[in-house]
1. Could you check S73 against (1) modelled with pLDDT of 95 or more; (2) loosely packed, with under 10 Cβ neighbours inside 10 Å and say which number it fails?
2. Could you tell me whether D80 is exposed (fewer than 12 other Cβ atoms within 10 Å of the Cβ), in a helix (DSSP H, G or I) and modelled with pLDDT under 95?
3. Look at region 14-33 and say how many of its residues are exposed (fewer than 11 other Cβ atoms within 10 Å of the Cβ) and aliphatic (A, V, I, L, M).
4. What do you reckon, is E68 of a type in the set (D, E, K, R) and within 16 Å of the chain's Cα centre (by Cα)?
5. Where residues in region 34-55 are among the small types (G, A, S) and touching a residue at least 24 places away in the same chain (Cβ under 8 Å), which of them is surrounded by the fewest Cβ atoms within 10 Å (Cβ to Cβ)?
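The values are calculated or read from the model by the stated rules, or taken from the named source; none is laboratory data. Note that the structure is predicted; figures quoted are calculated from it, not measured. Note: ideal-geometry Cβ built from the backbone for every residue, glycine included; neighbour counts use all protein chains shown.
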Amino acid sequence: MPNKPINLKESLAKLNEIVGWFENQRELDVEVGLEKVKEGANLVKACKERLKEIENEFVEIKRDIEQETEEDSRGGDEEDLDSTA
């Protein structure tokens, strides 16, 4: 499977489905329950990794903006200002 980022919204919906499955069981099938727990654990792990990736992207964007702002405040070339407009 390619390294396509997971969709957080879909993953959270799937986790909610798993929780709902457990809540609706009258007699729990331990084997099925174990598989659901494994699936949930994998989803949680993948979501945490994706959230870290997203956080890193935000940090990078913030750093770029701060760097551009700093360059502008030092009096960057007018040509540079015209090209960003």
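1. Going through the list (1) modelled with pLDDT of 95 or more; (2) loosely packed, with under 10 Cβ neighbours inside 10 Å, S73 breaks only (1).
2. Spelling it out, D80 is indeed exposed (fewer than 12 other Cβ atoms within 10 Å of the Cβ), in a helix (DSSP H, G or I) and modelled with pLDDT under 95.
3. The qualifying residues number 1.
4. no
5. In this case the residue turns out to be A46.
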